[in-house]
1. Based on this model, can you work out whether Leu198 counts as under 20 Å from the mean Cα position of the chain (by Cα), open to solvent by 20 Å² or more (accessible area, probe 1.4 Å) and aliphatic (A, V, I, L, M)?
2. Of everything in the stretch 171-225 that's of a type in the set (Phe, Trp, Tyr) and either part of a loop (DSSP other than H, G, I, E, B) or in contact (Cβ under 8 Å) with a residue 60 or more places away in the chain (or both), which residue is nearest to Val146 (Cα to Cα)?
3. Quick check: is even one residue across the stretch 141-153 surrounded by fewer than 20 Cβ atoms within 10 Å (Cβ to Cβ) and either assigned to a helix (DSSP H, G or I) or basic (Lys, Arg) (or both)?
4. Which residues, taken from the stretch 264-280, are over 22 Å from Leu213 (Cα atoms), in contact with a helix residue (DSSP H, G or I) (Cβ under 8 Å, 6 or more places away or on another chain) and open to solvent by 20 Å² or more (accessible area, probe 1.4 Å)?
5. So, in the stretch 90-114, exactly how many residues are charged (D, E, K, R), open to solvent by 40 Å² or more (accessible area, probe 1.4 Å) and not in a loop (DSSP other than H, G, I, E, B)?
6. Of these, Tyr125, Tyr98, which one is among the aromatic types (Phe, Trp, Tyr) and within 21 Å of Arg359 (Cα to Cα)?
Amino acid sequence: MQTSPLASSGTFLVACVLISLSTHVEAFVLSSRAHHYHHHNSCSSSSLSSTKSPPIITNEEVSCLNTYPSIPSDLERCFTEREWEQRCSLAVSYRIAYLHDWHENIFNHITLKVDGSDSEPGGPYFLLNDFGIGFDEITASNLLKVNLDGMIIQQSIPADRREINPGKGRVFKPGYVLHSAIHAARHDVHAIWHGHDLDASALSQTTIGILPLSQEASYVLKKGLSFHPFEGSANDESEQPRLVANLGPTNQFLLLEDHGPIVACPTIEEAFHGMYFLTRACKYQMKSFAAVGGDLSRINIPDDESTDEIMRRIDNFDEAPASAKSTASNTANSNNKDDVVMHDTSGLMFAYARRSAERVFGKDQIYR
């Protein structure tokens, strides 16, 4: 039976699309990408700034959407309670990434800066996966604690807690090079999520970039997206200054060209939120381009005026309905008519993903 062209590989289709684009269409795509790079890497754009004072934000959500089991007695001498909690949140993040297919065998990394480690001798430290252990095998106690030089901080973890990869552990150099550079340069960033999602990685091989074709893409662009050219395997420390410069001082998204995405955020919940929206945006864009054979005249690309309005609405993405505002008016800040109730969307999204991972793998297999 003959196979339909639309059933072919997404990467192959995009390659065919790019080859078939006319000169003026290519120019449109390239200029559009350049526009978004500038638009979301500077503070000069009027669409990203406002003279109106921001409203006082009142979070209606409970403070602990994501809670974890207490530290086991045999690990009390190894970790503080806070580090154990971070290890649990990172371990379940790896399991979540596995379920979303944001992994590649034993490669890819999610890292989390250890709270309070900036003031420790040799700090700061961050947690990452032991090279050789799959994302579906990560536990709270088999994560490695390393410094910015990639050296493992030994914590006398009981041997039976490290049965998959016994010994002191292994650090994969490309993971250290990418993540340590950002952890060292961006003090606002505590969580970094990197993976080789097929659609996001395929899109990184094009000159198109991410276009504002969906709510998910708009979120990514609003949070700041930049690009870093491919230099080969990320195992050369001389690349770190260029990587950090291209990420910029505030952007949360970096598309490594011919490689894949990096999401850098203040919390692990926000990093998951970002990676989820980025990968969805890439999937939509890949499929829409394939569906129309690369004919951009058949793609609903917003004009600049529409894009500005789309970006403005992203500012209110987490806002609760108007009825919730009346609740906020009964708070101590009731005299401020601009009080707004905001949902913790990142926390809620992560909580659902965490519960899903716990159902699939079992809490006792993750938080151990």
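1. Yes; evaluated as a whole, the condition is true for this residue.
2. Phe172
3. No, that holds for no residue.
4. Those that are over 22 Å from Leu213 (Cα atoms), in contact with a helix residue (DSSP H, G or I) (Cβ under 8 Å, 6 or more places away or on another chain) and open to solvent by 20 Å² or more (accessible area, probe 1.4 Å): Thr267, Glu269.
5. 1
6. Tyr98
Okay, residues lined up against (1) within 29 Å of Gln86 (Cβ to Cβ); (2) touching a Ser or Thr at 6+ places or on another chain (Cβ under 6 Å); (3) of a type outside the set (D, E, K, R); (4) open to solvent by 60 Å² or more (accessible area, probe 1.4 Å):
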site	(1), (2), (3), (4)
Trp193	yes, no, yes, no
Thr206	no, no, yes, no
Gly209	no, no, yes, no
Pro212	no, yes, yes, no
Gly232	no, no, yes, no
Ala245	yes, no, yes, yes
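The values are calculated or read from the model by the stated rules, or taken from the named source; none is laboratory data. Because the structure is predicted, anything quoted here is derived from the model rather than measured. Backbone-built Cβ (ideal geometry, glycine too); neighbour counts: all protein chains shown. Note: accessible area is taken over every heavy atom of the protein model, side chains too, but ligands, DNA and RNA are not part of it. Shrake-Rupley method; radii C 1.70, N 1.55, O 1.52, S 1.80 Å.
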